[in-house]
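Everything below concerns the one structure shown next.
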Amino acid sequence: MVNYIWVFMTIVGIVFALINGTMEAVNKAVFDGAKEAVILCIGLISVLVFWLGMMRIAEESGLLEKLSKLFRPLVKILFPEVPPKHPAMGYILSNMISNMFGLGNAATPLGIKAMEELKKLNGGKDEASRSMVTFLAINTASITIIPTTVIAIRMNYHSASPTEIVVPTIIATILSAIGAVLIDRYFYYRRSRKG
């Protein structure tokens with residue numbers, strides 16, 4: 001559906017530019033936008049590589065394991081159906097920690113693996129389990145301590161203070177995560193009462 005919307009918007013934009021005689025400005029904007037996208041991607045890649053390296057160092061030094069142990073009691077409460085030693089638990093914890101460091105791109109494969117393991121626990125059913133819904137809600141709202149991607153974008157565009165986004169990001173993501181868990185639990189208990 002989204003593809004149809006993009007195609008529709010592109011066609012309308014081109015037709016509008018042809019009617020108004022601004023096709024040259026549209027062409028310039030397309031090529032300038034493509035050039036800007038490449039520059040932005042290269043800037044983001046460097047930051048992502050740096051933080052992935054830091055995550056690797058944290059993993060090798062045992063810091064990730066300590067963080068996992070710190071969050072394990074909370075994750076056990078959020079995911080009571082997942083056995084503590086199950087691979088899904090490790091992927092869930094790794095995904096949450098990656099998201100905390102603003103590594104959404106690195107967290108995505110971990111999230112996919114967590115969902116695959118949760119689906120196995122659900123007997124391979126197509127219907128999402130309670131744990132799958134909870135994980136999706138938490139992953140979407142993910143608490144972020146260091147918003148590396150946003151900081152990189154702000155630095156790329158020469159922001160006077162690129163890190164001033166950290167405190168508002170922490171507050172906003174904590175509130176969104178709390179909201180996601182509360183809504184998840186509300187609908188779970190509402191559904192279980194009906195069943």
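The values are calculated or read from the model by the stated rules, or taken from the named source; none is laboratory data. Predicted model only: the values in this text are computed from it and were never measured. Every residue, glycine among them, receives a Cβ derived from its backbone with ideal geometry; neighbour counts consider all protein chains shown. Accessible surface areas use protein heavy atoms only, side chains included; no ligands, DNA or RNA. Shrake-Rupley method; radii C 1.70, N 1.55, O 1.52, S 1.80 Å.
Numerical summary
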{"read-out": "Qualifying position, being in contact with a Gly (Cβ under 8 Å, 6 or more places away or on another chain) and either farther than 15 Å from Asn99 by Cα or in the same structural domain as Pro162 (by the TED database) (or both), among Val38, Val30, Val26", "value": "Val26"}
{"read-out": "Criterion: more than 21 Å from the chain's Cα centre (by Cα) and among the aliphatic types (A, V, I, L, M) - qualifying residue of Leu63, Leu78", "value": "Leu63"}
{"read-out": "Residue in the range 26-37 that is over 25 Å from Val150 (Cα atoms), surrounded by 11 or more Cβ atoms within 10 Å (Cβ to Cβ), over 24 Å from the mean Cα position of the chain (by Cα) and not charged (D, E, K, R) present", "value": "yes"}
{"read-out": "Residues within the range 157-191 that are of a type in the set (A, V, I, L, M) and outside any helix (DSSP H, G or I), tallied", "value": "1"}
{"read-out": "From the options Gly90, Gly102, Gly111, residue that is small (Gly, Ala, Ser), open to solvent by less than 80 Å² (accessible area, probe 1.4 Å) and without any contact (Cβ under 8 Å) to a residue 24 or more places away in the chain", "value": "Gly90"}
{"read-out": "Near pairs, Cβ below 9 angstrom, 6+ apart or cross-chain, from the range 7-22 (open to solvent by less than 100 Å² (accessible area, probe 1.4 Å)) to any residue that is of a type in the set (D, E, K, R)", "value": "Ala17/Glu24"}
{"read-out": "One residue from Ser61, Ser68 being touching a residue at least 12 places away in the same chain (Cβ under 8 Å) and of a type in the set (Ser, Thr, Tyr)", "value": "Ser68"}
{"read-out": "Selection within the range 43-59 - modelled with pLDDT under 80 and either touching an Asp or Glu at 6+ places or on another chain (Cβ under 7 Å) or open to solvent by 60 Å² or more (accessible area, probe 1.4 Å) (or both)", "value": "Ile45, Ser46, Val49, Phe50, Leu52, Met54, Arg56, Glu59"}
{"read-out": "Residue under evaluation Val75, criteria (1) surrounded by fewer than 17 Cβ atoms within 10 Å (Cβ to Cβ); (2) part of a helix (DSSP H, G or I), criterion not met", "value": "(1)"}
